[in-house]
Amino acid sequence: MTTVIAFVVALGLLIAVHEYGHYRMAVACGVKVLRFSIGFGKPLLRWRRKDSPTEFVLAAMPLGGYVRMLDEREAPVAPAERHLAFNTQPLRARAAIVAAGPLANLLLAVLLYAVVNWWGVQEPEPVLARPAAGSMAERAGISGGEWVGGLSLGMGEPRSVRSFEDLRWQLTRAALDGQDATLWVGHPDQGATRAVVLPLSGLDVKEADAALYQRIGIVAPWTEPLMGELLPDGAAARAGLQAGDRVLALDGRKVSDGTELRQLIRGAVGPRGEPVTQQWDIERAGRPLRLSVTPKPEQQDGAWIGRVGAYVGVAPAMTTVRLGPIEGLGRAVERTWEVSWLTLKMMGRMVIGEASIRNLSGPLTIAEYAGKSASMGITQYIVFLALISVSLGVLNLLPLPVLDGGHLMYYLWEGITRRAVPDVWLERFQRGGVAILMAMMAVALFNDVARLAG
C-alpha cells in the first residue's frame, strides 16, 4: 500500500508541476487557457474559479496531463478572441510557454534538493572500507579505515567531502567525465594528511553501475566486523555464532571491517558450488574463540556465492549533513545541473550504443523505488522526487516531435527560416515521434518486468 500511495503522490505532484509551468506561462503571455487537466480520460473532478476561463480537471488515468489553450488549429476562434489564441502569439511567447513545463520540473528539483540541504540528512561518514583485492583503490594504497577529508577532480581545487554518499557521487561524476580524482585522507582528529590519486580517466566508463564501484574499490563505508541478527536455521547459527560476536580473522586472514567480512563469506564456495568450510577467529565478551563455519552456496546472477544466514556488519557511523540558506540553495542548483547532465549523457550513450538500454526504467521500477524511498523516511522520498523531477524535465526537452523539446525544435527552425514547419512534415514528425516514444516505453516496461522477475 505504501508503494502505491508513494507512486501516486509522486506522479501527481510531478505532472501537476509540469503542467502548471505551461499554464502559468500561457496566462502570463496573454493566452486563454481552456482546460488544465491532471490525467487523461473521464473527468473525476472538475471546477472553475470565479472570473477564470479555465476549467480545472482531475481525470481517471493519472499517467500524464495537458493544458488546452485557445488555438485556431484545433477549433474555430471568434475574431474578438483571436489575440488570445496560442497560434497567434509571437515566436518567443510560444517557445516560452512550451519550455515552461520542463523548466518547472527542474525548478522543483532545485527546491526539493534545497529543502533536504536546509533540513539536514543522515548519511554515512566518509570513512572507507577495505577495498576489493586488485581494485584501483587498493593499488593506490587504501587499506580501509581511512577518513576522506577532501577531494579534487582533475586539476580542480580540493573541496570538502561531507559524507560517503557525497564521495561516491563525486567519484561517479569523475569516472563518467574521464577525470582523475585525488582523495585527501587521514583521521578526523588529525585532518587529511596524505593524497591518494585514483586514475579514473583510464577506466573508459560507459555507465554507472555496481561493477564501476567494484573496479574503483570504494563500495561501502567502513563498518565494524560484528555479527548482527542470525537466522535460526542459517549456517552462522548452526556453527555457534551469536549476535554481537566480533570477527577477528577468517582462515588466519585478519578482518578489518564488515565489508571485507562479507566479501570473504561470499567467496567461500567452490567453482561448481561446493561448500567450503572456514575457520573463524572471533571475540565474544572479551574471550577469543575459534569456530568452523560452512557458508551455504547459492547462485546469484549466474555465479556461486556463500551465505551464512546472518546480518554481517553493523550500521556505519552517521553524520548529519546540513547547509545554510545560501550554500544549500547553491548546492541544490549544482546538484540539479549535475544530475541533468549525467541523465543527458546516459541517454546519449544509449542512443549511440555505448550504454545498455537496460538502464531505461519504466513505471514499475519507479513505483518500486517510490515505495522503498518512502519507507526509508521523508528525506529519502524527497530526494527520490527530485531525481524523478530532473529526469522528467530532461526527457521532455529531448528533440522528439511529441515532446516539448520537439516543439522547441520547430520554433528554432521557424526562427532561422522565418517560416513555420509545413503541416505535412509536422504530421510525419508526429508519427515518427510517437513510434519512437512507444518503443522507448516498451523497452522500459520490458526492463521493469525483467528486473522484477530476476
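The values are calculated or read from the model by the stated rules, or taken from the named source; none is laboratory data. Because the structure is predicted, anything quoted here is derived from the model rather than measured. Counting neighbours? That spans all protein chains shown, and the Cβs are built from the backbone with ideal geometry, glycine included. These area figures cover heavy atoms from the full protein model, side chains too; ligands, DNA and RNA do not enter into them. Shrake-Rupley method; radii C 1.70, N 1.55, O 1.52, S 1.80 Å.
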Quiz item: Considering only segment 170-182, how many residues are in contact (Cβ under 8 Å) with a residue 60 or more places away in the chain and surrounded by fewer than 20 Cβ atoms within 10 Å (Cβ to Cβ)?
Solution: 2
Self-check item: Residue ranges of strands (runs of 3 or more DSSP E) in segment 216-318 with at least 3 members surrounded by fewer than 15 Cβ atoms within 10 Å (Cβ to Cβ) and in contact with a Cys (Cβ under 9 Å, 6 or more places away or on another chain)
Solution: none
Quiz item: Quick one: would you say ARG194 is modelled with pLDDT of 80 or more and farther than 26 Å from THR319 by Cα?
Solution: no
Quiz item: Condition test on VAL17, is it open to solvent by less than 80 Å² (accessible area, probe 1.4 Å), among the aliphatic types (A, V, I, L, M), under 19 Å from PRO102 (Cβ atoms) and touching a residue at least 60 places away in the same chain (Cβ under 8 Å)?
Solution: yes
Exercise. Scan segment 183-193 for residues that are touching a residue at least 12 places away in the same chain (Cβ under 8 Å) and surrounded by fewer than 19 Cβ atoms within 10 Å (Cβ to Cβ) and report the count.
Key: 4
Quiz item: Could you give every pair whose Cβ atoms fall below 9 Å, whose first residue belongs to segment 147-159 and is among the basic types (Lys, Arg), and whose second residue is modelled with pLDDT of 80 or more, counting only separations of at least 6 or pairs across chains?
Solution: ARG159/GLY150; ARG159/LEU151; ARG159/SER152; ARG159/LEU153; ARG159/GLN170
Self-check item: Pair list, Cβ under 7 Å, 6 or more apart: segment 334-348 residue farther than 15 Å from ASN105 by Cβ, other residue surrounded by 15 or more Cβ atoms within 10 Å (Cβ to Cβ)
Solution: GLU338/ARG173; LEU342/LEU176; LYS345/LEU176; MET346/GLU207; MET346/ALA355; MET346/ASN359
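One line per residue, one yes/no per condition, for (1) at pLDDT 85 or above; (2) in contact with a strand residue (DSSP E or B) (Cβ under 8 Å, 6 or more places away or on another chain); (3) of a type in the set (Asp, Glu):
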| site | (1), (2), (3) |
| --- | --- |
| THR277 | yes, yes, no |
| TRP280 | yes, yes, no |
| ARG287 | yes, no, no |
| ARG290 | yes, yes, no |
| GLN300 | no, no, no |
| ILE305 | yes, yes, no |
| GLY328 | yes, no, no |
Quiz prompt | All positions within segment 72-92 that are buried (at least 16 other Cβ atoms within 10 Å of the Cβ) and under 25 Å from VAL17 (Cβ atoms) | solution = LEU84, PHE86, GLN89
Quiz item: Which of (1) surrounded by fewer than 19 Cβ atoms within 10 Å (Cβ to Cβ); (2) over 16 Å from ILE382 (Cβ atoms) is the odd one out, the single condition GLY120 does not satisfy?
Solution: (2)
Quiz item: Just one of the numbered conditions (1) under 24 Å from GLY324 (Cβ atoms); (2) touching a residue at least 60 places away in the same chain (Cβ under 8 Å); (3) not β-branched (Val, Ile, Thr) is not true of GLU138; which one?
Solution: (1)
